[in-house]
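What follows draws every value from the coordinates through simple rules; no lab data is involved. Since the model is a prediction, treat every value here as computed from it, not as a measurement. Cβ coordinates were reconstructed from backbone atoms using ideal geometry, including for glycine residues, and neighbour counts include every protein chain displayed.
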Amino acid sequence: MGKSICFSKMEAAGNDYIYIYASQYPVTDPVATAIQWSNRHSGIGSDGLVLIEKSMDGDADFSMRIFNADGSEARMCGNAACCVGRYVYEKGLTNHTIVRLSTRSGIKILRLEVAEGHVQKVSVDMQEPSLDAPELFRPPSSGMLHADGKSFKGTFVSIGNPHFVVMTDNIELIDLSHDGRLLSIHEAFPEGCNIEFVEYLGNDEVRMRVWERGSGITMACGTGACAVAVASVMHRRTGRTVRIHADGGCMEVEWRAADNHLLLTSPARFVFEGTAFLLNEK
């Protein structure tokens, strides 16, 4: 049958991942495991797999690796980081309310708001955004992206991973499964891209829908929310603290003027726990 390991299903604003404490339950083939378990018909069902380990780096407390539903490895996920904060605290792996988390896009600082032994809220310092990453975005001279006869003008933002934010007057008219997919694999993005469509609601609030590279349509995206906040501020549609409404819930992002860092605050919740088999291992 294969090796049996324990997992937790968690979500933040609808971003759902399978979490494993890999220091206790090693996963030697995370690509195959992510593909098998993420399947919503024949697996557990998720946006991907998150492996948590005690960090061997003295600058961090824990490390996080993220594998999307298609097996590709992501550099960062803000909502997953928030869930990791709640996981390590409520599983008794730490008693600290400030946690240093090592990711493929650097060390992130998590701040936990705790009451009666339970994490109520997690905020993660996503550090500074980048608007110029030629290895991730090679814009055409026109500044417009063309896909299947349509033209899209957007704002590129890197939050350790690439995002392209497109503003729209009516987000419900967007064919996300079609337009999001085509933009995600556009030749302007050598490594693919996460695509966000945004409608401004007023009062520093926006509505976001997202196509994530490697996962497709998802209920939310933490790094995407950060990219949306940056684009919103740049285009003077909101102040520096923005509430982002996604299909799965609401996130808040503050783009601090003092240090240019992005602070993402997102709900983090255990959905269920269980035991599963690594079918690809003996």
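Tabulated data
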| read-out | value |
| --- | --- |
| Mean Cα-pair separation over length for segment 62-202, i.e. relative contact order, pairs under 8 Å, 6 or more apart, % | 17 percent |
| Residues V114, V119 arranged by fewest to most Cβ contacts within 10 Å | V114, V119 |
| Above-threshold pairs, the threshold being 28 Å between Cα atoms, out of K3/K91; K9/K153; K121/K153 | K9/K153; K121/K153 |
| Label-point separation, D148 to C250 (7 Å along Cα→Cβ), nm | 3.3 nm |
| Karplus (6.51, -1.76, 1.60) ³J(HN,Hα), θ = phi - 60°, over segment 228-243, in Hz, Gly and Pro reported as x | 5, 4, 4, 4, 5, 5, 4, 8, 6, 9, 9, x, 7, 10, 10, 9 |
| Per-residue Cβ neighbour rank within 10 angstrom, fewest leading, M64, M56, M219, M208 | M56, M219, M208, M64 |
| Residue (of G43, L183, Q120) at the positive-pole extreme of the chain, dipole from beta-carbon charges | Q120 |
| Sorted by Cβ density within 10 Å, fewest first, the residues R207, R236 | R236, R207 |
| Charge dipole magnitude, Cβ of K and R +1, D and E -1 - the chain, Cα centre, debye nearest 20 | 220 debye |
| Segment 145-260, dipole about Cα centre (Lys/Arg Cβ +1, Asp/Glu Cβ -1), debye to the nearest 20 | 220 debye |
| CD proxy at 222 nm, helix term only [per DSSP H run n ≥ 4: -39500 (n - 2.57); per residue of the chain; nearest 500] | -4000 deg cm²/dmol |
